[in-house]
Amino acid sequence: MKKYSFRLARVLRIRKVQEALRHSELTARERALLEQQEKLKLFENERDIQFDSMTLAQKQVMQVTRHLADWKYLGRIARVVEFQGDVVKEFDRRKEAAKARYYEAKRRKRALERLSELHHAEWIKEMIREEQKIADEASTLRSRGEIQ
């Protein structure tokens, strides 16, 4: 009997490697997105704390220059929060692109795996037919008395 071999085995191995690379890229993108989201939360918390502090300070008597400094600081934090929000959106877009590449690599690998499975099943059927043919020939020869 001939040994089973899938002609596209090399391609399948390459596709498996590509899928693994795309998966690691996706994981890295997800991790980077989470880091940027955490930064955004920190800036939003800073903004909220500053706003609360300013609201409390308004109830107290203080200098106009302090009010101006507080409002400028709050304005800077608001710009940083807006900027960080844009960064998070960009990182999310990159993560989604990496996710799409990963799923495409996974789909291509799975298609080759299915082809390999079908090829292997066909090979098994062929081997069974050959074994059956050999058994039938041996049975015929025995019935004729040519083999003992």
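The values are calculated or read from the model by the stated rules, or taken from the named source; none is laboratory data. The shown structure was predicted, so the numbers you read here are calculated from the model rather than taken from an experiment. Every residue, glycine among them, receives a Cβ derived from its backbone with ideal geometry; neighbour counts consider all protein chains shown. Calculation scope for accessible area: heavy atoms of the full protein, side chains included, ligands and nucleic acids excluded. Shrake-Rupley method; radii C 1.70, N 1.55, O 1.52, S 1.80 Å.
Averaging 1/r over every pair of different alpha carbons in the stretch 3-114 and inverting the result gives a Kirkwood radius of 17.7 Å.
For the stretch 102-142, the equivalent ellipsoid built from the Cα gyration tensor has semi-axes of 39, 4, 4 Å, listed from largest to smallest. Pop out the carbon and sulfur fraction of the accessible area of the chain as a percent, whole number, probe 1.4 Å. The nonpolar share, carbon plus sulfur, comes to 55 percent. Couplings 3J(HN,Hα) for the stretch 86-103, derived from phi with the Karplus relation 6.51 cos²θ - 1.76 cosθ + 1.60 (θ = phi - 60°), are 5, 4, 4, 4, 5, 5, 5, 4, 5, 5, 5, 5, 5, 5, 5, 5, 5, 5 Hz, where x marks Gly and Pro.
With an 8 Å Cα cut-off and a minimum separation of 6 or more residues, compute the relative contact order for the chain in percent. RCO, the chain: 45 percent. Considering only trypsin sites (Lys or Arg not before Pro) in DSSP loops that have at most 11 other Cβ atoms within 10 Å, the longest stretch of the chain without any of them is 60-148. Residues in the stretch 40-55 carry Karplus couplings, in order, of 4, 4, 4, 5, 5, 5, 4, 4, 5, 5, 4, 5, 4, 5, 5, 4 Hz; the curve used is 6.51 cos²θ - 1.76 cosθ + 1.60 with θ = phi - 60°, and Gly or Pro positions show x.
For Lys16, list the lysines whose Cα falls under 28 Å from its own Cα; do not include residues on the same chain fewer than 8 positions away. Excluding near neighbours in sequence, the set is Lys2, Lys3, Lys95, Lys99, Lys106, Lys109, Lys125.
Note that the chain presents 78 Å² accessible area per residue, ligands and nucleic acids not counted, probe 1.4 Å.
With N the number of residues in the stretch 1-68, Rg(Cα) / (2.2 N^0.38 Å) evaluates to 2.62.
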